[in-house]
Amino acid sequence: MIPTPKSVPEIFREFKRRRAGIIKALTIDFDRFYQECDPEKDALCLFGLPNETWEVKKPLDMVPPEFPDPVLGINIVRDDARGKEYWLSYVAVHSDAWLISATFYFASLCRIEKRARELLFDSINDLPTVNEVVSKVILAKNPAAAAAAAAAAAAAAAAVHDNRSTRRSTRTRVKTAERKKRLMNREQHVEPVKLMPIEAEYIEHYKCPSCSNEGAKF
């Protein structure tokens, strides 16, 4: 039984931790990840885990699945003739799609209302995608491989991006800025409140770090 986050901030934290695990697999741990994706094995998936680690394994043996599965068969196409960089980007864009799927699966289970879903999406969109992170690594190591990485990203871009989010994102940032201002006492505090949109929206009381000894709340 997979634990289910119970609130929007918890869902976002789950997203960030699973994302961090996938990025680690595709960058820092790439050599080990590459070896575990043996094409001779059964079709495998890359799972980002909520403890910021990763695992390559077969999908959950449950029909219907309890939890959205990542793309199946990443190991089968590992030795694609287009090169290692192309395969890496292929895994990255499908991982982005899976992270979104898993996140809004949790949001549906929790019956998150429309405004909170928009806030969740905008908070996710403020972070670079897995593919953007991986592409920078590929470009730094091998500039000639950048074209292959870009081709892989373009092929799956529709699964990860929604161009119609721009206006919603702008509205959310304005609301977040207003919320942050309300959390500040202008007469005593001149430093900006460093909160993410989801934290600013759901926080009940803000305690200023510089005034924590006085126990001031706003």
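Bear in mind that the values in this text are calculations on the coordinates, not laboratory data. Here the structure is a predicted model, which means the values were calculated and not measured. Cβ coordinates were reconstructed from backbone atoms using ideal geometry, including for glycine residues, and neighbour counts include every protein chain displayed.
Between beta-carbons, use under 12 Å as the cut-off and find the net charge around GLY21, counting Lys and Arg +1, Asp and Glu -1.
+1
Which whole-number percent is the relative contact order of the stretch 1-107 (Cα, under 8 Å, 6+ apart)?
With pairs under 8 Å counted, the relative contact order is 30 percent.
Quote to one decimal, in nm, the extra length available between LYS58 and TYR105 on full extension: 0.36 nm per residue of separation minus the C-alpha distance between them.
My answer for the length gained is 14.9 nm.
Between ARG115 and LYS41, what length comes free when the chain is fully extended (0.36 nm per residue of separation minus the Cα-Cα distance, one decimal in nm)?
Stretched out fully, the ARG115 to LYS41 stretch lengthens by 22.2 nm.
For ASP79 and LYS141 in one chain, what is 0.36 nm times their gap in residues minus the Cα-Cα distance, to one decimal in nm?
Contour length minus the Cα-Cα distance gives 20.4 nm.
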